[in-house]
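Colleague: I have a structure here, written as structure tokens, and I will follow up with some questions on it.
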Amino acid sequence: MNRHLQALYAKYPDLKECLPEIQQSFSLLETCYRHNGKVLVAGNGGSAADSEHIVGELMKSFMLTRSVPETFRHQFTQLFPEEADEICNGLQGALPAISLVSQSAFMTAYANDVDSDMVFAQQVYGYGNEGDVFLSLSTSGNSRNIIRALQIAKAKGMKTVGLTGKSGGKMKVLCDVTITVPYYETPDVQERHLPIYHTLCIMLEEVFFGG
């Protein structure tokens, strides 16, 4: 077992049954990034905050230093030699990820003009490409805007990962991998989602920036 999964299990033994799905989710995400894909993330309420949190860990250094590649540094230096050190030293390696919950002007316009249940679906349609991953969070597994977005992601050839509660809800049949934490109440579910996505981000960072 991956040492980070072992550490997760040591701190949260109640997540033992989720470990295979966490490993599978990691494999999907790793493959996505190895093929220059991106991750779209969405949820509602506390899960919307988690969506922003996940993107923050992927788009900048988390536990490791992420220096930009020497090839990029060289290219930038050729163009802007006087500023090269300052700017390249200020950049960090990124794993491309977009939180769909943060675009308030688009979201309010679409909800008002079209359908609030289709807000995330429209963004997945606009941003998503075959091979990208849609990472969805819903404590019930039945959030209508998440279900619609998952349907669009499947139709576009994206991979789908769900973080939800014990029952899995409707999203379970739409996700390539569903991580169902063994709780039903929203606070309990969300409290377990955080260490899971932290572990996924740590594992991804180690693979792409650890060597």
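Read-outs throughout are calculated quantities, based only on the coordinates presented, and are distinct from any laboratory measurement. Note that the coordinates shown come from a computational prediction; the quantities given were computed from them, not determined experimentally. Virtual Cβ from ideal backbone geometry, glycine too; neighbours counted across all protein chains shown.
Colleague: Determine the equivalent ellipsoid of the range 86-211 by diagonalising the alpha-carbon gyration tensor, then write out the semi-axes as square roots of 5 times the eigenvalues, largest first, rounded to whole Å.
Modeller: On the way: eigenvalues 125, 92, 42 Å².
For the range 86-211, the ellipsoid semi-axes come out as 25, 21, 14 Å.
Colleague: Once fully extended, how much extra length lies between residue 176 and residue 115, figured as 0.36 nm per residue of separation less the alpha-carbon to alpha-carbon distance? Mind dumping the intermediate values first?
Modeller: Values: separation 61, 0.36 × 61 = 21.96 nm, distance 2.62 nm.
Full extension of this stretch gives 19.3 nm more.
Colleague: Give me the one-decimal Kirkwood hydrodynamic radius in Å for the range 1-151, with the sum taken over alpha-carbon pairs.
Modeller: 17.8 Å
Colleague: Which distance in nm do the two modelled labels at residue 30 and residue 3 give, with both placed 7 Å along the Cα-to-Cβ direction?
Modeller: Here the answer is 1.5 nm between the modelled labels.
Colleague: If I take every Cα pair under 8 Å that is 6 or more residues apart in the range 88-211, average their sequence separation and divide by the length, what percent do I get for the relative contact order?
Modeller: 18 percent
Colleague: Give me a comma-separated list of calculated 3J(HN,Hα) values for the range 146-162, in order, Karplus coefficients 6.51, -1.76, 1.60 applied at θ = phi - 60°, integers in Hz, x for any Gly or Pro.
Modeller: 6, 4, 4, 5, 4, 4, 5, 4, 4, 5, 8, x, 7, 8, 10, 10, x
Colleague: Show me, for the range 27-35, the HN-Hα J-couplings you get by feeding each phi into the Karplus relation (A = 6.51, B = -1.76, C = 1.60, θ = phi - 60°), rounded to Hz, glycine and proline as x.
Modeller: Ordered by residue, 3J(HN,Hα) equals 4, 5, 5, 4, 4, 4, 6, 5, 9 Hz.
Colleague: Of 120, 62, how do they rank once you tally other Cβ atoms within 10 Å and put the fewest first?
Modeller: The fewest-first ordering by Cβ neighbours comes to 62, 120.
Colleague: Determine, from the Cβ-Cβ distance of residue 92 and residue 151 and an R0 of 35 Å, the FRET efficiency 1/(1 + (r/R0)^6), rounded to the nearest 0.05.
Modeller: Here the calculated transfer efficiency is 0.50.
Colleague: Which loop trypsin sites (Lys or Arg not before Pro) in the range 8-82, with loop taken from DSSP, have no more than 14 other Cβ atoms within 10 angstrom of their Cβ?
Modeller: 60
Colleague: Here is a follow-up. Scan the chain and hand back the longest stretch that contains none of the GluC sites (Glu not before Pro) lying in DSSP loops with at most 12 other Cβ atoms within 10 Å.
Modeller: Counting only loop sites that pass the neighbour cut-off, the longest clear stretch is 1-81.
Colleague: Moving to a separate point now. Spelling out what I want: for every residue of the range 63-72, take phi, set θ = phi - 60°, compute 6.51 cos²θ - 1.76 cosθ + 1.60 (Karplus), and round to whole Hz; glycine and proline get x.
Modeller: Going residue by residue, I get 9, 10, 6, 10, 6, 6, x, 4, 5, 5 Hz, with x marking Gly and Pro.
Colleague: I would also like to ask the following. Going by C-beta contacts inside 10 Å, put 113, 50, 176 in order with the fewest on the left.
Modeller: So the ranking, lowest neighbour count to highest, is 113, 176, 50.
Colleague: Just to be sure I understand: with springs between alpha-carbon atoms less than 10 Å apart, which residue in 35, 74, 53 has the highest mean-square fluctuation in the Gaussian network model of the chain?
Modeller: Highest fluctuation among the options: 74.
Colleague: Using +1 at the Cβ of each Lys and Arg and -1 at the Cβ of each Asp and Glu in the chain, identify which of 5, 63, 48 lies farthest towards the dipole's positive end.
Modeller: 5
Colleague: Order these by the 10 Å Cβ neighbour count, fewest first: 137, 100, 5, 163.
Modeller: The most exposed by this proxy come first: 5, 100, 137, 163.
Colleague: Suppose R0 equals 25 Å. What FRET efficiency, 1/(1 + (r/R0)^6) with r the Cβ-Cβ distance, do residue 191 and residue 68 give to the nearest 0.05? Don't jump to the answer; show the numbers that get you there.
Modeller: Numbers: r = 35 Å, r/R0 = 1.41.
FRET efficiency, residue 191 to residue 68: 0.10.
Colleague: Quickly estimate the mean residue ellipticity at 222 nm for the chain, helices only: each DSSP H run with n ≥ 4 gives -39500 (n - 2.57), and the total goes over all residues, rounded to 500.
Modeller: The per-residue figure over the chain is -16500 deg cm²/dmol.
Colleague: Below 8 Å, C-alpha to C-alpha, sequence gap of six or more: please give me the relative contact order for the range 1-107 in percent.
Modeller: With pairs under 8 Å counted, the relative contact order is 32 percent.
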